[in-house]
Amino acid sequence: MKIGVLALQGDFDAHRRRLEALGAEVVLVKKPEQLDEIDGLVIPGGESGTFLKLLGEAGFEKLRKFVHVKPTFGTCAGAILLANEVENPKQSGLGALDIRIRRNAYGRQIDSSIREGRLGKNPIEMVFIRAPKIERVGPGVEVIATEGGDPVAVRQGKVMAATFHPELSEDTRIHQAFLDLIPNVDKTRGIFSAGPSLSDELKQQGLQKDNW
Ligand code: GLN
C-alpha cells in the first residue's frame with residue numbers, strides 16, 4: 001500500500017512522518033504522473049489558492065479524476081480543495097465532497113488556536129490554523145468530528161477532510177481512520193470498523209447535520 005502526500009507546498013512532511021509511523025509507505029507527490037503509482041492521497045494544509053496555481057489546469061484535472069476514484073484525505077487547505085463549493089473568495093474545488101466551505105472563517109484574532117473537539121463522542125485535540133468552516137454538508141456526507149457544534153471532519157465514501165491539522169497533534173486516530181479507508185489494510189481497528197456509524201452517534205446526541 002503506497003500513500004501519496006501532495007508535496008507542492010504546505011506542511012506535507014508532518015503527514016509523511018505520521019503515515020510512516022502508522023506503517024504506510026509514503027511517496028511525496030510532486031508531479032501529476034506520480035498519482036498513477038499510489039493507492040491513496042493526502043492533500044495537506046497550506047494556501048488553497050496557491051495549490052490551484054501550482055497545479056495548473058492539467059494537474060487539477062488529473063487530481064480531480066484521482067479524488068473521484070481513490071481514497072483521499074484533505075486537511076485545511078486540502079479540505080478546501082476537495083469541496084464542491086468554496087466561499088471567501090469563491091474558487092474552484094475538486095468536487096469530491098458535497099460541502100460548502102468558507103476560507104479563513106474565524107477572523108484574524110483567532111486565526112490559530114488549539115481546541116478540544118469530539119471525534120464521535122470522544123474528546124480530541126484540534127489545531128486550527130487560518131481554518132475554513134464547513135457551512136453545509138450534503139446528504140451523502142458523514143460528520144466524523146465536531147468542535148463547538150460545527151462539523152470539522154467529514155467523510156463521503158472514500159474521501160475525508162478535516163478543517164484542523166491532525167498531523168500537528170500526537171493523536172493518530174484521524175490518520176488511522178483514513179488508512180482504514182484504503183483496501184488491503186487491517187480493518188479490525190479504527191473508527192469506521194465496528195459499531196454504529198459516527199453520524200448515527202451524533203444524531204443520537206441531537207447533533208444533526210441540518211442544525212448547522
Ligand atoms: N487559509 C488557508 C486557505 O484558505 C488554509 C490554511 C491552512 O491550510 N492551514 O487555503
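Brief remarks follow.
- Going through (1) of a type in the set (Val, Ile, Thr); (2) away from the ligand (no atom under 16 Å from the Cβ); (3) more than 17 Å from Arg155 (Cβ to Cβ) one by one, Thr50 falls short only on (2).
- Within the stretch 77-103, considering residues that are over 21 Å from Asp180 (Cα atoms) and small (Gly, Ala, Ser), the one farthest from the ligand (Cβ to nearest atom): Gly95
- Val29 vs. criteria closer than 22 Å to Pro132 by Cα and buried (at least 21 other Cβ atoms within 10 Å of the Cβ): no
- If you go through the stretch 57-68 and keep only what is without any contact (Cβ under 8 Å) to a residue 60 or more places away in the chain and under 16 Å from the mean Cα position of the chain (by Cα), you end up with Leu63, Arg64, Phe66, His68.
- Beta carbons closer than 6 Å, at least 6 apart along the sequence or on distinct chains, pair a first residue in the stretch 112-140 that is within 18 Å of His175 (Cα to Cα) with a second that is assigned to a loop (DSSP other than H, G, I, E, B) and among the hydrophobic types (A, V, I, L, M, F, W, C) for Met126/Phe164; Val127/Phe164; Phe128/Phe164.
- Gly74 being within 12 Å of the ligand (Cβ to nearest atom), assigned to a helix (DSSP H, G or I) and closer than 26 Å to Pro183 by Cβ: no
- The lone exception for Tyr106 - which of (1) of a type outside the set (S, T, N, Q); (2) under 28 Å from Phe66 (Cα atoms); (3) touching a residue at least 24 places away in the same chain (Cβ under 8 Å) it fails: (2)
- Considered as a group, the residues in the stretch 17-46 that are charged (D, E, K, R) and within 17 Å of Pro166 (Cα to Cα) include one that is nearest to the ligand (Cβ to nearest atom), and that residue is Arg18.
- Of residues in the stretch 22-46 being in a loop (DSSP other than H, G, I, E, B) and among the small types (Gly, Ala, Ser), the one nearest to Lys158 (Cα to Cα): Ala24
- Contact map, the stretch 10-33: first residue small (Gly, Ala, Ser), second residue assigned to a strand (DSSP E or B), Cβ cut-off under 6 Å, separation 6 or more or different chains; pairs are Ala24/Ile3.
- One residue from Leu207, Leu202 being more than 16 Å from the ligand (Cβ to nearest atom) and either at pLDDT 90 or above or part of a loop (DSSP other than H, G, I, E, B) (or both): Leu207
- When residues of the stretch 71-114 are limited to those that are of a type in the set (S, T, N, Q) and touching a strand residue (DSSP E or B) at 6+ places or on another chain (Cβ under 8 Å), the one farthest from Glu125 (Cα to Cα): Ser92
- Enumerated strands (runs of 3 or more DSSP E) restricted to the stretch 129-191, each holding at least 3 residues that are more than 16 Å from the ligand (Cβ to nearest atom) and either within 27 Å of Glu87 (Cβ to Cβ) or at pLDDT 95 or above (or both): 142-147, 150-156
The values are calculated or read from the model by the stated rules, or taken from the named source; none is laboratory data. This is a predicted model, so every value here is computed, not measured. Glycine gets a Cβ as well: all are built from the backbone with ideal geometry, and neighbour counts include every protein chain shown.
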